[in-house]
1. Where does the stretch A:119-173 land on Rg(C-alpha)/(2.2 N^0.38 Å)?
2. Between copies, how close do the B:Pro116 label points come, placed 7 Å along Cα→Cβ, listed in nm from shortest?
3. Whole-Hz Karplus ³J(HN,Hα) for the stretch B:208-222, in order, using 6.51 cos²θ - 1.76 cosθ + 1.60 and θ = phi - 60°, x for Gly and Pro?
4. Could you tell me the distance between the Cα centroids of the stretch A:303-370 and the stretch B:103-159, to the nearest Å?
5. Over the Cα atoms of the stretch B:177-369, each weighted equally, I'd like the Debye log10 I(q)/I(0) at q = 0.13 Å⁻¹, rounded to two decimals.
6. Where does each of B:197-205, B:32-40 land if you order them by average Cβ count within 10 Å, highest first?
7. Starting from the 7 Å offset along Cα-to-Cβ, what nm value, one decimal, do you get for the label separation of A:Ala209 and A:Val152?
8. Pick out, in residue order, every one of the trypsin sites (Lys or Arg not before Pro) in the stretch B:68-167 that is DSSP loop and has at most 15 other C-beta atoms within 10 Å; say none if there are none.
There are 2 protein chains.
Amino acid sequence: MPIPHLAVVGGGQLARMMQQPAIALGLRIRLLAEGPDVSAAQVVPDTIVGDHTVLADLEAVTDGAPVVTFDHEHVPPEHLRALADAGHAPRPGPHALLFAQDKQQMRERLTALGVPCPRWAPIASADDVATFGFPLVLKTTRGGYDGKGVWVVREPAGAEPALAAGVPLIAEELVDFRRELSAQVARRPSGDVVAYPVVESRQAGGVCAEVVAPAPDLAPALADEAAALAVRVATELDVVGMLAVELFETADGRILVNELAMRPHNTGHWSIDGAVTSQFENHLRAVLDLPLGATAPRQPWSVMVNVLGGAVTDLEEQLPAVLAAVPDAKVHLYGKAVKPGRKVGHVTVTGDDLETVLTAARRAATLLTDG
Amino acid sequence: MPIPHLAVVGGGQLARMMQQPAIALGLRIRLLAEGPDVSAAQVVPDTIVGDHTVLADLEAVTDGAPVVTFDHEHVPPEHLRALADAGHAPRPGPHALLFAQDKQQMRERLTALGVPCPRWAPIASADDVATFGFPLVLKTTRGGYDGKGVWVVREPAGAEPALAAGVPLIAEELVDFRRELSAQVARRPSGDVVAYPVVESRQAGGVCAEVVAPAPDLAPALADEAAALAVRVATELDVVGMLAVELFETADGRILVNELAMRPHNTGHWSIDGAVTSQFENHLRAVLDLPLGATAPRQPWSVMVNVLGGAVTDLEEQLPAVLAAVPDAKVHLYGKAVKPGRKVGHVTVTGDDLETVLTAARRAATLLTDG
């Protein structure tokens, strides 16, 4: 295989969706995949099967590649440092990725920067929980995602499963929020940064269900504040690539940082069809230190609805019904086996009228989920 | 490799650009490529290297694939019939493809259908040329493209190179045209058909240089006539997949058919970034008998400018300059070595104001062509 422009670690749908703009820009990806036929391995010819926790596999995928980026945030920091020492720039770097890997580190750093966060504290015991006060949210500091590793606790007994898990925890106040927002930016090593429109992210069962771009009825001052906050976090933490700052919009009209993700993010999938430059293209451009693309919406409204594993077990069988029912739906399937609640695809519809777009996108996603 | 949804014959940029919507829709392509690293082979994992004129190679690429489609029109009809007999549907089929492969067959059929064409005649000798009358255009009936196999003849001596070439020829009147248009449709085996907006195609040296979508200042009645004509040709000829009808708009306000192409076509590249459903996605949908996608423009204007091999020999080196100069340019590079005049990429810009969009797209393409 020819020398790759970049290595991508992890064969999930995020890596798969990087391949489309890589094709457009003539960029060659070498992929480290968990198996020969995982989502991204189906579409990247230069794929190595291996384990992202094994340094030798990381060395194999980066061989000849000046840059390495990620489908997920689980590569051990010491391996990232070893790759960097060998001349393969991890983007984002381990010093930045730390704050997406470890929630306590993230809270400490954001608090030190004066970035608005929920009230929080490290938790080591039931006493710490009681001291923090109820209700609260317990989170594992590492490895949680999509509602996993998160416990909403309203009384002392509720903390027991989390404490019994034997993992480092932090507590956060249970925020009285109006809705969840997401502010995304792309940042180059040089420091150039572009911000996407702030979107509304609607969750169900701790998992992103749908995203409306831009966030409807968001006060312009708050939208500006959210975008500026994301730019500042990316800059202060020296993030390279895409950064998603997941935010709470509180009932009393403030924004608080919920989570950080340093990669393309589910709340940015709308940008594939809804923005001039998708988050996947800008991630590639950013990590390769290429000039960033325009983030303007193509249409007034974009709605992205996730396809989560449901009653439909054969997505392909449903494709004719979906495409017939919603001719302007942009359907994205990830080549993954359907399991209950698993993210197996998404649908985006764009247009002038939010209700029309929302109805169409939900209809298409429902046909792929429930039939 | 898993069983493919379809086989694609030919590893050029058209096959490469089919891979992007194939990724989105979860469709697996098996490719027959001219070499291990041609344009589409760089991005399709399941690639077989072989020769599209060798039946055994066609059998290998279609093994297990219910449908086979094409990057070009050069597969011998007898091989297509053999594939069809073996249960691999060629789409378009040989009975349709014939009219894209052979200009005399095309002219005879369109004339029989009453479709407006330039005056034409088969040519076997200098006498036939003189009888037809000057000026005229001589065309090889097979294998011509991008100005190759075409001679503009203004006097008897001008016909000598064409007659000396020893290939079947037809003569066509030299049409006094205002501009060239292209009408594209996608058609399913069931007969369902969708039409794209009619575009203006601007040629330089017999090669498409830029496309404006929709064609500016085109009389609505003429636009409707062009689209209806393309629908009728697709239907009468039983085309499956994309059909491009290249048209002359004459100085006196009529349209005449110039050429037919039964595949995604250069005059439809704008649709990747400028239409709700690209020609590549609708080609895949059509040949797989899936419902067709909306063809509406995403923005009032789209301009596509080809990147033809020029002074710039390393496109990658120019990428930073282009992306910096035109942040809303959509750059598409085909992974092909630069040779003078060769199509190695294209750039599309979309927006509200035609002059702005045209200037931006030309600027981006010029940076990739001339530096």
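1. Numbers: Rg = 9.7 Å, N = 55, 2.2 N^0.38 = 10.1 Å.
Cα Rg divided by the expected 2.2 N^0.38 Å: 0.96.
2. Once sorted, the set of distances for B:Pro116 reads 6.4 nm.
3. 4, 9, 8, 10, 10, 10, x, 4, x, 6, 7, 4, x, 5, 6
4. 50 Å
5. So the normalised log intensities work out to -0.67.
6. Details: B:197-205: 18.6, B:32-40: 20.4.
Output ranking for B:197-205, B:32-40: B:32-40, B:197-205.
7. 1.3 nm
8. Values: sites: B:Arg81, B:Lys103, B:Arg107, B:Arg109, B:Arg119, B:Lys139, B:Arg142, B:Lys148, B:Arg154; in loops: B:Arg119, B:Arg142, B:Arg154.
Sites meeting the loop and neighbour criteria: B:Arg119, B:Arg142, B:Arg154.
Each value in this text was obtained by applying a stated rule to the coordinates, not by laboratory testing. Computed from a predicted model, the values in this text were never measured in an experiment. Every residue, glycine as well, gets a Cβ built from its backbone with ideal geometry; the counts of neighbours run over all protein chains shown.
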